[in-house]
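Read the figures in this text as sums done on the coordinates, not as results from a lab. Everything quoted here is computed from the prediction, not taken from an experiment. Ideal geometry is used to build each Cβ from the backbone, glycine not excepted, and the neighbour counts take in all protein chains shown.
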Amino acid sequence: MTTDLIAELAHHDLGNRLAALSKLSSTATLPVRAGTNNHVHTNHSFGVFRSPCDAVWRALEAGVEVFGINDFFTTSGHAEFAAACAAVRMPATFNLECIAMDRAAEAAGVLTNDPGNPGKTYLCGKGVTRPDEPHAAKTLMAIRGFQEQRNRALIAALDIHFRARISAPGPTWASVVDQTPYGNTTERHVAKAVLQTIVTIASRTSGLRSEDAFATLFATLVGIPPKPSDADQQNQIRAQLLKAGKPCYAPEDPAAFPSVEAIREVFLQLGGIPTYPVLGNPETGGERSIPELCDRLASWGFHALELIPARNTDERVQQVVDEAKRRGWPVFDGTEHNTPAMEPLLTRWGMDARFRPHFHDGALVLLGHQALTSAGHVGYLDAKGVPVPGAYTACLEAGRRQLAQTRPAGG
């Protein structure tokens, strides 16, 4: 029965997904909720989770106490995430991620939190309270449009590649766009569609998925033998076919990456907290000195940091936490989950007694910011995006109240 209910978390009907989640949460033996995770991607951009309901179930299984959705370029998953978290009394935070271009850093060749592209900067809006704000929605739709143009170009190049190598058509656009409920496609969706097409062709020629037939076909198209897992194979496809200098590469339109200022404005329009996710590892030139990085972020109007602890070192996490504490900034933690692999939702670093209190406080600040802003009060930031004196403490206390209200009996 449990297996059937878990399968229902991917059902096309939201009512079925919510009903399955409620049934699972009421019948399963679940761990005490302890850690926080305010950054996971769902199928509304690209992620291992088949729906926001699926993500919430996995968080319950893992013992997550405060949980946050964080898809690329969209808030379309927020409504289901809110309903799913409410159904199981999971304190929820609402976030999104965008990519900006720091033109000065690009011109100087400086790397920040994208280790392969100077100037390209990942930014998050945390604690969103106005997910449908029309000006922000228009900007996000334009960004998604540029992403779609590029992904369509990848599919066209892949079709040429398939026909040249094996005299068969490549993946279709439908096989890409059908993976995500509102058509918010990414390069990862394209890679998954490529793998699915290779599997289909291998099965057709051998009667079923013959590993020998699949391996031969994969090597012919991708140029290297396949690794054992689907997740690794999708990453091989991206690296060997879709990246710059590879046979099916399509360039990205510079307009797909607005300025830091423009993305900050989107986050403020949505009612969120503009936040910089520190890459940590590998260490880039733009992040070498955390105090200098934070000085630069403050000049941008960013007064919050985020860490994905699993891709950092103890020393790096400590540096970030210490600097944020010195400045009175919150620090949020998460795990991404924007790959095909199901990784733990709570990390060793996130549960480490040295760091966990800071991440827990960050989660409370998010909950408090959302509650205060939704009630018409000032949250962590004022209307111009400037931290209000005493706002960190006010949000922290409001977050504690939110946590107490949503904590399940015995949890």
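Applying both filters, DSSP loop and at most 15 other Cβ atoms within 10 Å, to the trypsin sites (Lys or Arg not before Pro) of region 360-411 gives K384. Sorted fewest first by neighbouring Cβ atoms within 10 angstrom, H78, H189 come out as H78, H189. In order along region 4-15, the Karplus-derived 3J(HN,Hα) couplings, from 6.51 cos²θ - 1.76 cosθ + 1.60 at θ = phi - 60°, round to 5, 5, 4, 4, 5, 5, 9, 4, 5, 9, 4, x Hz, and Gly and Pro are given as x.
Counting only DSSP beta bridges with both residues in the chain, the antiparallel share comes to about 35 percent.
Subtracting the Cα-Cα distance of A383 and V199 from 0.36 nm times their residue separation leaves 61.1 nm of extension gain. If you plug the beta carbon distance of A244 and V32 into 1/(1 + (r/R0)^6) with R0 = 60 Å, you get a FRET efficiency near 0.80.
By other beta-carbon atoms within 10 Å, ranking K246, K192 with the fewest at the front produces K246, K192.
With a cut-off of 11 Å on the backbone N, no residue of region 146-190 is near the modelled label site 7 Å out from D232 along Cα-Cβ. Phi angles across region 66-77 convert, under the Karplus curve 6.51 cos²θ - 1.76 cosθ + 1.60 with θ = phi - 60°, into 3J(HN,Hα) values of 10, 10, x, 7, 7, 6, 6, 6, 7, 10, 5, x Hz, Gly and Pro given as x. Of all the options D13, D178, D314, the one that moves most in a Gaussian network model of the chain with Cα springs shorter than 10 angstrom is D13.
Model label sites at T172 and E61, defined 7 Å from Cα along the beta-carbon direction, differ in position by 3.2 nm. Applying the criteria of a DSSP loop state and at most 12 other Cβ atoms within 10 Å to the chymotrypsin sites (Phe, Trp or Tyr not before Pro) of region 65-153 yields no site. Note on region 157-196 and region 90-147: Cα centroid distance 25 Å, given to the nearest whole angstrom. Once the Cα atoms are used to define both axes, helix 356-374 deviates from the longest principal axis of the chain by about 80 degrees. Each of C395, C248 was scored by other Cβ atoms within 10 Å of its Cβ. Arranged with the fewest first, they read C248, C395. Given +1 at the Cβ of Lys and Arg, -1 at the Cβ of Asp and Glu and no other charges, the dipole of the chain around its Cα centre is 240 debye to the nearest 20. Can you list the residues of region 88-129 with backbone N under 11 Å from a point 7 Å past the Cα of R327, pointing along Cα to Cβ? Under cut-off, by backbone N: nothing. Straight-line cross-link reach from K192 at under 12 Å between alpha-carbon atoms covers these aspartates and glutamates, not counting any fewer than eight positions away in the same chain: D178, D230, D232.
Derived scalar couplings between HN and Hα for region 37-46 equal 7, 10, 7, 10, 9, 10, 5, 7, 10, 8 Hz in order, rounded to whole Hz, by the Karplus curve 6.51 cos²θ - 1.76 cosθ + 1.60 (θ = phi - 60°), x for Gly and Pro. Of all lysines in the structure, the ones whose alpha carbon falls short of 26 Å from that of K325, not counting any fewer than 8 places away in one chain, are K126, K384.
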